[in-house]
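Chemist: After the structure tokens below, expect a handful of questions from me.
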Amino acid sequence: MSILDLLYFIILGINLMVSIVVKTQWKHFYYVYFLITMGVEILTLYFHGLQGLYNFLDIFSMVFFYFLFRERLVYKRIVKGITISLVIFSMYLMIVSKTSYSIYTGIVFCLYSVFLSLSWFHSMIASMESETLRITDRGLFWISSSLLMWSVFYLFRMTPMYWFNNRDPEFLYMLKYIFQIATILSYGLFLKGLTSKQL
């Protein structure tokens, strides 16, 4: 296990602990998200044959973040329809995949995360006049920023992965470290969201 792997598990563990300790966050079930994420990460670390669990984690994450964001969105029905469609599509991709983990489910989750985060930002801007809190005082601001950051770096790493593997494996190796750092920072933003005044 590298230093970056260790830092990743530390920040993930801190997020889990905070989601349990801060009672006001219990109703949002963050601890369920972090328990499942931590469980998948630990299992895949020690059992490489279980990489397919990431498919289920991607699908679970889409459903989790939909329920987290849904009440604060302007176009609820559109978002619901897109969520159901992408969950079904991800299940199909998982079934037809020739590898244990289909990076396509990860790409779908990333695109969905970008869409959901931008939808939340749009909803906040649309209701800015009636808001009493600054946008940065809201937990979902930091969580949306976290999802956007992680998704962009995931897409940048995974989409051209096979091309770089054949043309420039050293750059692909460097991308892995950049992505690990981005993941740690994104969970840092998530932690800020967990400790914010309001969801």
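Chemist: Hey, can you tell me all the residues within segment 114-135 that are assigned to a helix (DSSP H, G or I) and either aliphatic (A, V, I, L, M) or in contact with a His (Cβ under 8 Å, 6 or more places away or on another chain) (or both)? Write out each step before concluding.
Modeler: Looking only at segment 114-135, we keep the residues that are assigned to a helix (DSSP H, G or I), and these are 114-126, 128-130, 135.
Matches in segment 114-135: Val114, Leu116, Leu118, Met124, Ile125, Ala126, Met128, Ile135.
Chemist: Give Leu147, Leu111, Leu191 a once-over and let me know the one that is modelled with pLDDT of 95 or more, aliphatic (A, V, I, L, M), in a helix (DSSP H, G or I) and within 28 Å of Trp26 (Cβ to Cβ).
Modeler: The conditions single out Leu147.
Chemist: Something else about it: Pick from Gly106, Gly81: which is buried (at least 18 other Cβ atoms within 10 Å of the Cβ) and in a helix (DSSP H, G or I)?
Modeler: Only one candidate passes the filter, namely Gly106.
Chemist: Something else about it: With the requirement that a residue be closer than 19 Å to Leu6 by Cα, over 15 Å from the mean Cα position of the chain (by Cα) and either modelled with pLDDT of 90 or more or open to solvent by 80 Å² or more (accessible area, probe 1.4 Å) (or both), what does segment 150-175 give you?
Modeler: Result: Tyr173, Met174.
Chemist: Here is a further query. Just checking, does segment 93-109 include any residue being closer than 27 Å to Ile135 by Cβ and out of contact with any Cys (no Cβ under 6 Å at 6 or more places or on another chain)? Spell out how you get there, then give the answer.
Modeler: Step one: filter segment 93-109 for residues closer than 27 Å to Ile135 by Cβ, giving 109.
From the residues that got through so far, the ones that are out of contact with any Cys (no Cβ under 6 Å at 6 or more places or on another chain) too are 109.
Scanning segment 93-109, I find at least one residue that is closer than 27 Å to Ile135 by Cβ and out of contact with any Cys (no Cβ under 6 Å at 6 or more places or on another chain), so the answer is yes.
Chemist: On the given criteria, is Val74 open to solvent by 50 Å² or more (accessible area, probe 1.4 Å), within 23 Å of Val114 (Cβ to Cβ) and of a type in the set (A, V, I, L, M, F, W, C)?
Modeler: Details: open to solvent by 50 Å² or more (accessible area, probe 1.4 Å): yes; within 23 Å of Val114 (Cβ to Cβ): yes; of a type in the set (A, V, I, L, M, F, W, C): yes.
It is true that Val74 is open to solvent by 50 Å² or more (accessible area, probe 1.4 Å), within 23 Å of Val114 (Cβ to Cβ) and of a type in the set (A, V, I, L, M, F, W, C).
Chemist: Report yes if some residue within segment 3-17 is open to solvent by 70 Å² or more (accessible area, probe 1.4 Å), farther than 17 Å from Thr183 by Cα, in contact (Cβ under 8 Å) with a residue 40 or more places away in the chain and in a helix (DSSP H, G or I); otherwise report no.
Modeler: No, every residue in segment 3-17 fails to be open to solvent by 70 Å² or more (accessible area, probe 1.4 Å), farther than 17 Å from Thr183 by Cα, in contact (Cβ under 8 Å) with a residue 40 or more places away in the chain and in a helix (DSSP H, G or I).
Chemist: Then there's this: Looking only at segment 18-55, count every residue that is closer than 21 Å to Val87 by Cβ and either open to solvent by less than 60 Å² (accessible area, probe 1.4 Å) or in a helix (DSSP H, G or I) (or both) and tell me the total.
Modeler: Residues meeting the conditions: 15.
Chemist: Just checking, which of Ile88, Ile59, Ile95 is assigned to a helix (DSSP H, G or I) and surrounded by 15 or more Cβ atoms within 10 Å (Cβ to Cβ)? Reasoning before the result, please.
Modeler: Values: Ile88 fails: surrounded by 15 or more Cβ atoms within 10 Å (Cβ to Cβ); Ile95 fails: surrounded by 15 or more Cβ atoms within 10 Å (Cβ to Cβ).
Unique residue meeting the criteria: Ile59.
Chemist: Could you go through segment 86-98 and let me know if any residue there is in contact (Cβ under 8 Å) with a residue 12 or more places away in the chain and under 20 Å from Leu194 (Cα atoms).
Modeler: For segment 86-98, residues in contact (Cβ under 8 Å) with a residue 12 or more places away in the chain and under 20 Å from Leu194 (Cα atoms): absent.
The values are calculated or read from the model by the stated rules, or taken from the named source; none is laboratory data. Just so it is clear, the model here is predicted, and its values are computed rather than measured. Reconstructed Cβ throughout: ideal geometry from the backbone, glycine too, with neighbour counts over all protein chains shown. Quick note on the areas: whole protein, heavy atoms, side chains included, nothing else; ligands and nucleic acids left out. Shrake-Rupley method; radii C 1.70, N 1.55, O 1.52, S 1.80 Å.
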